[in-house]
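**Student:** Got a structure for you, questions after.
The values are calculated or read from the model by the stated rules, or taken from the named source; none is laboratory data. Being a predicted model, the structure only gives us computed values, none of them experimental. Cβ coordinates were reconstructed from backbone atoms using ideal geometry, including for glycine residues, and neighbour counts include every protein chain displayed. Surface areas here come from the heavy atoms of the whole protein model, side chains and all, with no ligands, DNA or RNA. Shrake-Rupley method; radii C 1.70, N 1.55, O 1.52, S 1.80 Å.
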Amino acid sequence: MFKKRTWRYLFIGFAWAVSLGGLVVLMGFIGVKKSEVVCKDVKIYIPGSQYFIDRQEIDYILGIQSHAIIGRRMDDINIHELETKLKSNPFIEFAKIYADMDGIINVEISQRQPILRIMNRFDQDFYVDQHGFKLPLSGNFTARVLVANGYIDELFANHVDTLHTSLAMQLFKTADYIRKDSLWDAQIAQLYVNKDHEIELVPRVGNNRILIGDADSLDSKFHNLLIFYKKALPLVGWDTYKVINIKYANQVIGVRNENIKKDSLKSNMMAGDSAKIKKDTSLIQN
């Protein structure tokens, strides 16, 4: 019995030794094969609909047009260094480069997705991406995103950076909330910061401003605004109020537009009796 176990262990050990030896020989063969492979082509993949960076710019960064890659041995190409070059571009969020045994280098790129464009009071203009990072404008592509302007103090040093001021973070939070809601994404055209450093929304429909104050309790504020849109504005008209204030909890305050003619305003008021809108203030309780 003891001899059978001994032979069994010897056989297993021999099998492992042969397997490891074969693996070493195979890896050596692959290494020799790889050292002889020459780069034949570079394939670039840029998914998505944003085109801040195009194939021509990537070609320039990688040195493809100058034949710095194609025609060289794969062993002489520093893949990590190429990835670092791509990642240094402000519009590239993620870059991965890998090569195959056929001499093809594959480049996968993920671009940053801006959700807000800020124009500060110092005439600086920059984007904020979906992660809250600032990035410069592009000469290749203009993103159709919300624009925020007014009394904004957030500075931009012309490189990818985080947001530093509380107000800029609130603008980002508001823009992110709006873009994730199809209704408000279609209705809100712009963000404006007034002299009191409060956030106002500029709608696509109507000549009024929507005062939200800050980015706290956005669910509640936009819920109140939706009720006001459904119950009050159809009765009095979209241009009756110059300011719709939703910054207070559980209420909407409408400040009347003084430019509306008295007879028109009187007619609208008669039609809006059921909404209980009195004087210069409209209150809707949840």
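**Student:** Please go through the stretch 101-117 and give me each residue that is open to solvent by 60 Å² or more (accessible area, probe 1.4 Å), closer than 19 Å to GLY48 by Cβ and not in a strand (DSSP E or B), ordered by number.
**Tutor:** Selection gives GLN113 alone.
**Student:** Let me ask something additional. Going by the structure shown, is ASP239 open to solvent by 30 Å² or more (accessible area, probe 1.4 Å), modelled with pLDDT of 95 or more and either among the β-branched types (Val, Ile, Thr) or farther than 18 Å from VAL147 by Cβ (or both)?
**Tutor:** No: the conditions fail for ASP239.
**Student:** Residue pairs, Cβ under 9 Å, 6 or more apart or interchain, first in the stretch 151-173 and outside any loop (DSSP other than H, G, I, E, B) and crowded, with 16+ Cβ neighbours inside 10 Å, second of a type in the set (Lys, Arg) and at pLDDT 95 or above. List them.
**Tutor:** ALA168/LYS134
**Student:** Would you check if there is a residue in the stretch 196-203 being open to solvent by 30 Å² or more (accessible area, probe 1.4 Å), at pLDDT 95 or above and under 30 Å from ASN89 (Cα atoms)?
**Tutor:** No: zero hits.
**Student:** Which number in (1) loosely packed, with under 13 Cβ neighbours inside 10 Å; (2) among the small types (Gly, Ala, Ser); (3) closer than 30 Å to GLY150 by Cβ marks the one condition that GLY71 misses?
**Tutor:** (3)
**Student:** Of all residues being surrounded by 21 or more Cβ atoms within 10 Å (Cβ to Cβ) and charged (D, E, K, R) in the stretch 118-142, which is farthest from GLU154 (Cα to Cα)? Just the residue, please.
**Tutor:** Going through the qualifying residues, I end up with ASP129.
**Student:** Out of curiosity, is LYS195 out of contact with any strand residue (DSSP E or B) (no Cβ under 7 Å at 6 or more places or on another chain), over 18 Å from THR174 (Cα atoms) and outside any helix (DSSP H, G or I)?
**Tutor:** The answer is yes for LYS195.
**Student:** Sticking with this structure for a sec: When only residues in the stretch 204-219 that are without any contact (Cβ under 8 Å) to a residue 40 or more places away in the chain, open to solvent by 40 Å² or more (accessible area, probe 1.4 Å) and of a type outside the set (D, E, K, R) count, which is nearest to GLY150 (Cα to Cα)?
**Tutor:** So the residue we want is VAL205.
**Student:** Taking into account only those residues within the stretch 80-100 that are surrounded by 13 or more Cβ atoms within 10 Å (Cβ to Cβ) and hydrophobic (A, V, I, L, M, F, W, C), which is nearest to ASN158 (Cα to Cα)?
**Tutor:** PHE91
**Student:** Can you list residue pairs whose Cβ atoms sit under 6 Å apart, with the first residue in the stretch 179-195 being free of Cβ contacts under 8 Å to residues at least 24 places away in the same chain and of a type outside the set (Ser, Thr, Tyr) and the second being open to solvent by 60 Å² or more (accessible area, probe 1.4 Å) and part of a helix (DSSP H, G or I)? Count only pairs 6 or more apart in sequence or on different chains.
**Tutor:** Once the first residue is free of Cβ contacts under 8 Å to residues at least 24 places away in the same chain and of a type outside the set (Ser, Thr, Tyr) and sits in the stretch 179-195, its partners that are open to solvent by 60 Å² or more (accessible area, probe 1.4 Å) and part of a helix (DSSP H, G or I) give ASP185/ARG179.
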